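The values are calculated or read from the model by the stated rules, or taken from the named source; none is laboratory data. These figures come from a predicted structure and were not determined experimentally. Neighbour counts are summed over all protein chains in view; Cβ atoms, including those assigned to glycine, are modelled from backbone coordinates with ideal geometry.
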Amino acid sequence: MQNDTERQDLRRHIKEAVASNDAGAAVRHARRLLAAAPSKPADVMFCASAFTGIAEALTNDLRAKRLKTYIVRSVTVEPILPFLTTEAVLSNYVLDLTVGGYGSYVDELLNPQSALARSKPDLVLILLDLEDIAGRLPDLCADGIGNGVEAEIEESVARVAQLLKNFRSGNSARILFQGCVVPDRTSLGDVAEANLPHSLANAISQLNQRLAALCRTISDCVFFDVDHLAARHGRANWRDARMFLASRLPVSSASFGAYAGGLVRSLSPLFRAPRKVLCTDLDNTLWGGVLGEEGPEGIATGTAFPGNCYLEYQRYLKQLSSRGILLAVVSKNNDADVREAFQVRAADLGLTLDNFVATKISWNEKATSIRELAEELSLGLDSFVFVDDNPVECEAIRQQLPEVAVLAAPVDEPWKLVDLLSAQSFFDAAVVTNDDVNRLNEYKAQAQRAELANSAGNRDEFLASLEIVCTFLSALDAPFARSVQLLAKTNQFNLTTRRHSAAEVEEFASVAGGQAIAVRVRDRFGDAGVVGLSLARTQGDTCSIDSLLLSCRVIGRGIETALLAHLGQNAIRTGATRLVGEFIPTKKNAPCADFYLDHGFVQAPSPADASPNSIFYQLDLTIAAPESPKWLTLEGKESNEFSASAVVAS
Amino acid sequence: MSSQQVPSSLRDILADVLEISPEEVTPELGVGTIDTWDSFRHLQAILAIEGEYNVQLDPSRIPELTTVSLIQAELIAKGATL
């Protein structure tokens, strides 16, 4: 617990940081000030006010994402806003908040001229009460028999569907839709609530499931399971009946922080890709004890305490791995000892060495090992998480590789590690695609390819030996979620790095002369899945390439050329004689800076409305259209099959 | 009257909520006497004060507690240690 002097000191530091526009220091001190649990409401308001004063510095210096946010609501949210502002900044978002009217949420969502529609926000939070979503449920469920309960749920979901679909048809903002909280006490009592099929508790769980399923069908929309959050923090104290009845305040003031934190965590996957790799230490992290001292029989793992604490962690890692998070060992140990331990203690371990994409077991600096891993896997350091019990190792990574997220394993309380890990949002994803699930095999195949590259003679021969097949398909069927995910997370080979929303991709696919193409790649080692995307539009004689990107896993195999060639053929079919490419330099996309020049384009003048950073290139399609490399086999190229879905002739 | 007459803990909370300096929190300060003290800030202030002193105020009294001195008197009546 902080004493008052520490509090005042931290507040003074924050004030000074704000005065000197030092966003980093302001956030650092605020984090400490608010670490006291529960934090004082006045401190939260103080921080919110401080952050509002340095919004520019937060965006410019800390690269916080600034989101124009509109809150559609039927309840009082104003006292919660400072908590939302503060939690958002601690997760590196700056929310510019606008709050809609109490009773006007229907009009806001349906009317194309509403304040919401006109403000064109990046994000809409839809926070309604049960009364507004399914107000008749409490009465219909009162006898637990529930005539009409199903019908009421059906109608409620249909009504929400109409609101969301209507809004989506005219607006590309990301949407967070909040579910309902199961009331803590009802006239039926706990036993009947649990046992009767149509109790209110059961009905609301069912309603929430249906609403979540609805949200899955709306692009760029997440369901916010506020009931789960309420259960975690304790239903009894989640709501303050006094303040709800007097002021329509949906959560008690003691829960404001938890509520705001939950909201921010739920909206985050709409804007940020999850991290991809977890690097774990071994001694006193993956298992108890030090292998080098205690030998394979001496380390703690297995079904008995305390070994089961480590087994829990191993199982948790395996679960992460099954949805595509890559696991790696980064340990200072003797490689042979570790292999022996995994063999001798196989029955007591929840993981085998096969579950890891790579192992870095040596006496090298761990920062060096992680850097090597990043290079081998072609992933940015900001995709990495590092877990280690040694505070010195943790601090070294924090200082040398600040992009890596570091989690200190609690060496004296190993049962806490899983909770600590799951409390972090860095692996949060609203969608998991088949490509995610297959990632481990894909990355392992990459290592095998690297081996073959060393043995094959020349490049063309090597590439031909991979037997690469490219399949072109509409971005809408890639599946669609994967296409949008690619736009959101591809950095290195991304010519314009435009993070389009799903709605914007749909626009390219459906507009006259537009094309939205995805490319799927497989070779003799495995299926890499959908790895590339291109968006373009022909107007008059010119086809302009808005976006062209390729996952860094498959760069250098001619797939980018095949994608450009395919796009060029489509452009010709839509009547284009000129192909215009655009390159917007970023910190990360230098590898594709010369892409257009390498493909015979020449630099072209920028259009008047172009951004000053853009560099334009053009190619006369009547002289030479780009061609696909010989070593690639192409599929899905038949124009008839293709043009129906993704190319609309102008 | 000066801010010295307001207990420092109460003064600091109100200063944070109303985004003013503690010296500006005088017993006469109230809803409508400064721009930032509107009905939503009022609710915010009351909730923050309830949390700080661990008291619950009667919702029908909340709209009547329109000045610092009225809030202070209500807290004392509720047995809060200021």
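Brief remarks follow.
Let's see how each residue does on (1) out of contact with any helix residue (DSSP H, G or I) (no Cβ under 9 Å at 6 or more places or on another chain); (2) modelled with pLDDT of 90 or more; (3) in the same structural domain as residue A:592 (by TED's automatic domain parsing); (4) closer than 18 Å to residue A:628 by Cα:
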position: A:435; (1), (2), (3), (4): no, no, no, no
position: A:464; (1), (2), (3), (4): yes, no, yes, yes
position: A:475; (1), (2), (3), (4): no, yes, yes, no
position: A:496; (1), (2), (3), (4): yes, yes, yes, no
position: A:517; (1), (2), (3), (4): no, yes, yes, yes
position: A:533; (1), (2), (3), (4): no, yes, yes, yes
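Residue by residue, here is whether (1) touching a residue at least 12 places away in the same chain (Cβ under 8 Å); (2) of a type in the set (A, V, I, L, M, F, W, C); (3) in contact with an Asp or Glu (Cβ under 7 Å, 6 or more places away or on another chain) holds:
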residue	(1), (2), (3)
A:111	no, no, no
A:129	yes, no, no
A:138	yes, no, no
A:153	yes, yes, no
A:161	yes, yes, no
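- Some residue of the range A:223-236 being in contact (Cβ under 8 Å) with a residue 24 or more places away in the chain, surrounded by fewer than 20 Cβ atoms within 10 Å (Cβ to Cβ), assigned by TED's automatic domain parsing to the domain that holds residue A:141 and not in a helix (DSSP H, G or I): yes
- Hits in the range B:11-41 - residues which are part of a helix (DSSP H, G or I) and more than 10 Å from chain A (Cβ to nearest Cβ): B:11, B:22, B:23, B:24
- Residue pairs meeting the criteria (Cβ under 7 Å; at least 6 apart or on separate chains; first within 17 Å of residue A:129 (Cα to Cα), in the range A:202-221; second polar (S, T, N, Q)): A:207/A:156
- One residue from A:143, A:43 being more than 24 Å from the chain's Cα centre (by Cα), within 14 Å of chain B (Cβ to nearest Cβ) and at pLDDT below 95: A:43
- Some residue of the range A:511-528 being in contact with a Phe, Trp or Tyr (Cβ under 8 Å, 6 or more places away or on another chain), surrounded by 23 or more Cβ atoms within 10 Å (Cβ to Cβ) and of a type in the set (S, T, N, Q): yes
- Test: residue in the range A:238-259 that is free of Cβ contacts under 8 Å to residues at least 24 places away in the same chain, in the same structural domain as residue A:371 (by TED's automatic domain parsing) and either of a type outside the set (Lys, Arg) or farther than 25 Å from residue A:482 by Cα (or both): no
- Among residues of the range A:270-285, those that are over 19 Å from residue A:318 (Cβ atoms) and either at pLDDT 95 or above or surrounded by 21 or more Cβ atoms within 10 Å (Cβ to Cβ) (or both), counted: 2
This table checks each residue for (1) away from chain B (no Cβ under 14 Å); (2) at pLDDT 95 or above; (3) more than 29 Å from residue B:38 (Cβ to Cβ); (4) part of a loop (DSSP other than H, G, I, E, B).
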residue: A:6; (1), (2), (3), (4): yes, no, yes, no
residue: A:30; (1), (2), (3), (4): no, yes, no, no
residue: A:67; (1), (2), (3), (4): yes, yes, no, no
residue: A:94; (1), (2), (3), (4): yes, yes, no, no
residue: A:103; (1), (2), (3), (4): yes, no, no, yes
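- Leading residue by the ranking (farthest from residue A:247 (Cα to Cα)) among those in the range B:42-53 that are at the interface with chain A (Cβ under 8 Å from one of its Cβ atoms) and touching a residue at least 12 places away in the same chain (Cβ under 8 Å): B:52
- Looking across the range A:248-265 at every residue that is in a loop (DSSP other than H, G, I, E, B) and surrounded by fewer than 23 Cβ atoms within 10 Å (Cβ to Cβ), the one that is farthest from the other protein chains (Cβ to nearest Cβ) is identified as A:248.
Residues checked against (1) surrounded by fewer than 22 Cβ atoms within 10 Å (Cβ to Cβ); (2) in contact with a Leu (Cβ under 9 Å, 6 or more places away or on another chain); (3) over 16 Å from residue A:353 (Cα atoms):
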{"position": "A:287", "(1), (2), (3)": "no, yes, no"}
{"position": "A:293", "(1), (2), (3)": "yes, no, yes"}
{"position": "A:299", "(1), (2), (3)": "no, yes, yes"}
{"position": "A:302", "(1), (2), (3)": "yes, yes, yes"}
{"position": "A:309", "(1), (2), (3)": "yes, yes, yes"}
{"position": "A:313", "(1), (2), (3)": "no, yes, no"}
{"position": "A:316", "(1), (2), (3)": "yes, yes, no"}
{"position": "A:323", "(1), (2), (3)": "yes, no, yes"}
{"position": "A:331", "(1), (2), (3)": "no, yes, no"}
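Conditions (1) aliphatic (A, V, I, L, M); (2) under 21 Å from residue A:257 (Cα atoms), marked per residue:
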residue	(1), (2)
A:19	yes, no
A:24	no, no
A:47	no, yes
A:61	no, no
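- Residue within the range A:375-388 that is under 29 Å from residue A:262 (Cα atoms), buried (at least 19 other Cβ atoms within 10 Å of the Cβ) and over 20 Å from the mean Cα position of the chain (by Cα) present: yes
- The range A:476-493 residues that are within 14 Å of residue A:220 (Cα to Cα), paired with ones that are surrounded by fewer than 20 Cβ atoms within 10 Å (Cβ to Cβ) and small (Gly, Ala, Ser) (beta carbon under 6 Å, 6 or more apart): A:488/A:273
- Check on residue A:104, buried (at least 16 other Cβ atoms within 10 Å of the Cβ) and farther than 30 Å from residue B:21 by Cβ: yes
- Residue, nearest to the other protein chains (Cβ to nearest Cβ), within the range A:226-247, restricted to residues that are among the aliphatic types (A, V, I, L, M) and touching a helix residue (DSSP H, G or I) at 6+ places or on another chain (Cβ under 8 Å): A:246
- Boolean, residue A:81 is surrounded by 22 or more Cβ atoms within 10 Å (Cβ to Cβ) and either within 14 Å of chain B (Cβ to nearest Cβ) or touching a strand residue (DSSP E or B) at 6+ places or on another chain (Cβ under 8 Å) (or both): no
- Pairs with Cβ under 9 Å, 6+ apart, first in the range A:551-572 and modelled with pLDDT under 85 and of a type in the set (Val, Ile, Thr), second crowded, with 23+ Cβ neighbours inside 10 Å and part of a helix (DSSP H, G or I): A:554/A:560
- Among the criteria (1) at negative phi; (2) modelled with pLDDT under 90, the one residue A:526 does not fulfil is (1).
- Selected residue [touching a Pro at 6+ places or on another chain (Cβ under 8 Å) and among the small types (Gly, Ala, Ser)] from A:48, A:57: A:48
- Within the range B:54-72, tally of residues that are within 17 Å of residue A:79 (Cβ to Cβ), more than 8 Å from chain A (Cβ to nearest Cβ), assigned to a helix (DSSP H, G or I) and at pLDDT below 95: 1
- Residue A:86 passes every criterion in (1) under 26 Å from residue A:216 (Cβ atoms); (2) surrounded by 19 or more Cβ atoms within 10 Å (Cβ to Cβ) apart from (1).
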